[in-house]
1. Would you list the strands (runs of 3 or more DSSP E) that sit entirely within region 29-69 and hold 2 or more residues that are more than 27 Å from residue 7 (Cβ to Cβ)?
2. Taking residue 21 as meeting all but one of (1) loosely packed, with under 11 Cβ neighbours inside 10 Å; (2) part of a strand (DSSP E or B); (3) among the small types (Gly, Ala, Ser), write down the number of the exception.
3. Looking at (1) of a type in the set (Val, Ile, Thr); (2) more than 16 Å from the chain's Cα centre (by Cα); (3) within 16 Å of residue 101 (Cα to Cα), which is the only condition residue 58 fails?
4. What are the residues in region 18-43 that are closer than 11 Å to residue 66 by Cβ and in contact with an Asp or Glu (Cβ under 7 Å, 6 or more places away or on another chain), if any?
5. Could you list, in sequence order, the residues of region 38-60 that are at pLDDT 90 or above and either buried (at least 16 other Cβ atoms within 10 Å of the Cβ) or among the polar types (S, T, N, Q) (or both)?
6. For residue 75, all conditions in the list (1) in contact with a Cys (Cβ under 7 Å, 6 or more places away or on another chain); (2) closer than 15 Å to residue 6 by Cα hold save one; what is the number of the exception?
7. What are the pairs with Cβ atoms under 7 angstrom where one residue, in region 1-14, is among the polar types (S, T, N, Q) and the other, located anywhere, is assigned to a loop (DSSP other than H, G, I, E, B)? Sequence gap at least six, or different chains.
8. Of the residues 106, 90, which single one is within 19 Å of residue 2 (Cβ to Cβ), loosely packed, with under 11 Cβ neighbours inside 10 Å and at pLDDT below 85?
Amino acid sequence: MKLKTGDKVIVIKGKDRGKQGTVMAVDPTVRQVKLEGLNIYKRHLKKASRPGQVGGITEKVLPVAAAKVMLICANCHKPTRVGYKLVGEKKERICKQCQAIIAYVKG
């Protein structure tokens, strides 16, 4: 998968279209990503009979399909596709527009 945790992305489809966020988690098996502050849904919880359980409305971040987001290049600050290039013995991600290497920021 071409997206990594900590990448800055823009949503290109859906209710949050045009908004930018940071990738919190990546699930490559189902090709989904969780974005910080985006795709938030409210969950209504009933108070349970067990002690310590409270009811109310909680907010939950749901995953977004990876095809609905685009990586924002740190160099040219534009939404871009991701390519790969061999630099020595290492495989690096590159921006398809400006050919700059996309640094991995461990988030």
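1. Working: elements: 32-35, 40-45, 56-61.
The strands (runs of 3 or more DSSP E) meeting that bar are 40-45, 56-61.
2. Here residue 21 meets the rest and fails (1).
3. The number of the failed condition is (3).
4. Residue satisfying the conditions is 23 alone.
5. 38 - this is the single residue of region 38-60 that is at pLDDT 90 or above and either buried (at least 16 other Cβ atoms within 10 Å of the Cβ) or among the polar types (S, T, N, Q) (or both).
6. Of the numbered conditions (1) in contact with a Cys (Cβ under 7 Å, 6 or more places away or on another chain); (2) closer than 15 Å to residue 6 by Cα, the odd one out for residue 75 is (2).
7. 5/107
8. Numbers: 90 fails: at pLDDT below 85.
One residue alone meets the criteria, 106.
The values are calculated or read from the model by the stated rules, or taken from the named source; none is laboratory data. Note that the structure is predicted; figures quoted are calculated from it, not measured. Cβ atoms come from the backbone with ideal geometry, glycine included; neighbour counts cover every protein chain shown.
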